[in-house]
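The values are calculated or read from the model by the stated rules, or taken from the named source; none is laboratory data. Keep in mind the model is a prediction, meaning the values are calculated, not measured. Quick reminder, even Gly has a Cβ in these numbers, built from the backbone with ideal geometry, and neighbours come from all protein chains shown. What goes into the accessible areas is simple: the full protein's heavy atoms, side chains included, and nothing from ligands, DNA or RNA. Shrake-Rupley method; radii C 1.70, N 1.55, O 1.52, S 1.80 Å.
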Amino acid sequence: GQIANSRFVADSIEEPSVVLYNGVPPRAQAELGTRRVLMMQRLEREKAPEIGVLAWADSGLANRGWDLAIAGSGSLEPRMRQMCTELGVVESVQFLGNVEDTDSLLSESSILLAPAPADSFGLAVTEAMAHGIPVVAAGGGGPPETVGADGCLFPPGDGRAAASSAAGCRDRRPG
């Protein structure tokens, strides 16, 4: 048999498999007082980071004093920087590169944006949830299994729906 880290992966394996989700240790509740949306992933085509930038621009959160922090690196970073300029949100977006202390970064964030259309599991999603951070994720791959009804899912590849989910998720934060 095979071990899969989500039902999404198990269903794509032709051999019998057992689902064993990645574990995340308990974390301290994030304060959720910041006006920061965090995207934490590789900046490569399969992760669709450009959908995150489109969602950010469409959400209008930058006009309300929020910022988008992008943790990660990859071949699409130059294109994403160009998109931020073209979409008029460059002043509200920070490219952080690779971040080792993700706990500190998560504790300083209020929403996680996960635009990957078919992540096998979505470790950043579960790390954010361990901090009590609302998650806005593409409704494909493994995240729908972990996010469940408490998250804000959007159709994969739909930047406008992601923007709407992010704006709505902002209103669902406690406090």
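Below is a table of values for the structure above.
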read-out: Accessible area of the range 54-175 divided out per residue, in Å², using a probe of 1.4 angstrom; value: 43 Å²
read-out: Cα point-scatterer Debye curve for the range 25-158, base-10 log of I(q)/I(0) at q = 0.12, 0.14, 0.22 Å⁻¹; value: -0.40, -0.56, -1.47
read-out: Rounded to 10°, Cα long-axis angle of helix 159-172 versus longest principal axis of the chain; value: 80 degrees
read-out: Surface share of carbon and sulfur [accessible, 1.4 angstrom probe, percent] for the chain; value: 48 percent
read-out: Pairwise Cα inverse-distance average, inverted: Kirkwood Rh of the range 119-162 (Å); value: 10.3 Å
read-out: Karplus (6.51, -1.76, 1.60) ³J(HN,Hα), θ = phi - 60°, over the range 69-76, in Hz, Gly and Pro reported as x; value: 9, 10, 9, x, 9, x, 5, 8
read-out: Cα radius of gyration and Dmax for the range 1-80 (Å); value: 17.4, 51
read-out: Where no second cysteine Cβ lies under 4.7 Å, the cysteines concerned in the chain; value: 84
read-out: Choice from 110, 75, 92 showing the highest fluctuation, given a GNM over the chain with Cα pairs closer than 10 Å; value: 75
read-out: Environment charge at residue 86 (Cβ cut-off 12 Å; Lys +1, Arg +1, Asp -1, Glu -1); value: +1
read-out: CD proxy at 222 nm, helix term only [per DSSP H run n ≥ 4: -39500 (n - 2.57); per residue of the chain; nearest 500]; value: -9000 deg cm²/dmol
read-out: About the Cα centre, charge dipole magnitude for the chain (Lys/Arg +1, Asp/Glu -1 at Cβ), debye; value: 440 debye
